[in-house]
1. What strands (runs of 3 or more DSSP E) completely inside segment 4-90 contain at least 3 residues that are among the β-branched types (V, I, T)?
2. Any idea which of V11, V69 is touching a strand residue (DSSP E or B) at 6+ places or on another chain (Cβ under 6 Å), more than 16 Å from V204 (Cα to Cα) and touching a residue at least 60 places away in the same chain (Cβ under 8 Å)?
3. For segment 54-76, give me each residue that is surrounded by fewer than 17 Cβ atoms within 10 Å (Cβ to Cβ) and more than 16 Å from the ligand (Cβ to nearest atom).
4. If S275 satisfies all but one of (1) surrounded by fewer than 17 Cβ atoms within 10 Å (Cβ to Cβ); (2) out of contact with any Lys or Arg (no Cβ under 9 Å at 6 or more places or on another chain); (3) modelled with pLDDT of 95 or more; (4) not aromatic (F, W, Y), what's the number of the condition it fails?
5. Here are some conditions: (1) within 16 Å of the ligand (Cβ to nearest atom); (2) on the phi > 0 side of the Ramachandran plot. G114 meets all but one. Which one does it not meet?
6. Does P39 meet the test of being away from the ligand (no atom under 12 Å from the Cβ) and at pLDDT 95 or above?
7. Quick one: is V149 under 19 Å from T3 (Cα atoms), surrounded by fewer than 21 Cβ atoms within 10 Å (Cβ to Cβ) and aliphatic (A, V, I, L, M)?
8. Please find, within segment 142-161, the residue that is farthest from E107 (Cα to Cα) out of those that are small (G, A, S) and over 16 Å from the mean Cα position of the chain (by Cα).
Amino acid sequence: MTTTVRTLQEVIQGRATSDGAGVKLTRIFGGRGPERFDPFLMLDAFGSDKADDYIAGFPPHPHRGFETVTYMLVGKMLHEDHMGNKGLLNGGDVQWMTAGHGVIHSEMPQQESGRLSGFQLWLNLPARDKMKPPSYRDVPAAQIPERTVDGSYYKLIAGELSLAGETLRGVIEADATDPFFLDLHPAAGVELVLPIKAGYTAMVYVYQGGIQLAGVERPLMQGELGLLSRDGELRFTAGEDTRLLVLAGRPLGEPIAQYGPFVMNTQAEIEQAISDYRNGRLTRMDVA
Ligand code: MN
């Protein structure tokens, strides 16, 4: 039996942009040709030592129709939403928000100097769940499974992973998209193999160092996202001091209509979302 290895379909360089009230960030993917990343919609990386790059934060703004997963590496960020949830994210923590029918929230840095860095991933919801009630969860770093095996460090935010005879389970459960989200600091020079479910979209984002995928001509270097072929396992060897995110999920295969922070299936649903937001109904499930 031969084992299929996932190869590189596309290499994507993030582009510098700003969002919120002027936060400088790198949009690794998002907005353009979203079907390629299904069920993921967007991945942003933010990281700066300069307060001017992040201090303005993300004042109150809406979301509808998908989920956001924020993973802080360093720094402090405060989430507050219309449901009265308030959560302070510190380095290593994760915030998981299901916008569903509608959320209005702010995401504001809680520091005036020093480094702030992390990621925000947007995960789509299937049509049947897009208008479900919103929810919010803070997951402190201490609750997220992490292991070091043979010199490689694994932190499992979502999905399942068997390591050294033990099955780890991440902290995010999304039935339809069944996401896998791993922060991996691999030992250098050792080939690592990670199984990924057949037919799932998979990608790796190298945020430090570089990796060489098995059977692929070119390495993936810091700042590059590799979108992988649809079947097989992930097999690669990392260079020194490498860190990467591994993402995989079950594609929804539904039409995607997006207007900024609203992600629905049709243009009519987008217009409804804009109108609901203007009329104060985005966060009200009691009015049709
Ligand atoms: Mn937001």
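The values are calculated or read from the model by the stated rules, or taken from the named source; none is laboratory data. Computed from a predicted model, the values in this text were never measured in an experiment. In this analysis, Cβ positions are derived from the backbone assuming ideal geometry, glycine residues included, and neighbour counts consider all displayed protein chains.
1. Numbers: elements: 8-13, 15-19, 23-30, 40-48, 58-63, 66-74, 77-81, 86-89.
It comes to 23-30, 66-74.
2. Working: V11 fails: more than 16 Å from V204 (Cα to Cα).
One residue alone meets the criteria, V69.
3. V74, K76 - these are the residues of segment 54-76 that are surrounded by fewer than 17 Cβ atoms within 10 Å (Cβ to Cβ) and more than 16 Å from the ligand (Cβ to nearest atom).
4. Every condition holds for S275 apart from (2).
5. So the condition that G114 fails would be (1).
6. Details: away from the ligand (no atom under 12 Å from the Cβ): yes; at pLDDT 95 or above: yes.
For P39, the condition - away from the ligand (no atom under 12 Å from the Cβ) and at pLDDT 95 or above - is met.
7. On the way: under 19 Å from T3 (Cα atoms): no; surrounded by fewer than 21 Cβ atoms within 10 Å (Cβ to Cβ): yes; aliphatic (A, V, I, L, M): yes.
When the stated conditions are applied, V149 does not pass them.
8. Within segment 142-161, the subset small (G, A, S) is 142, 151-152, 158-159.
Narrowing the set further to residues that are over 16 Å from the mean Cα position of the chain (by Cα) leaves 142, 151-152.
On the way: A142: 22, G151: 35, S152: 32 Å.
Here the residue is G151.
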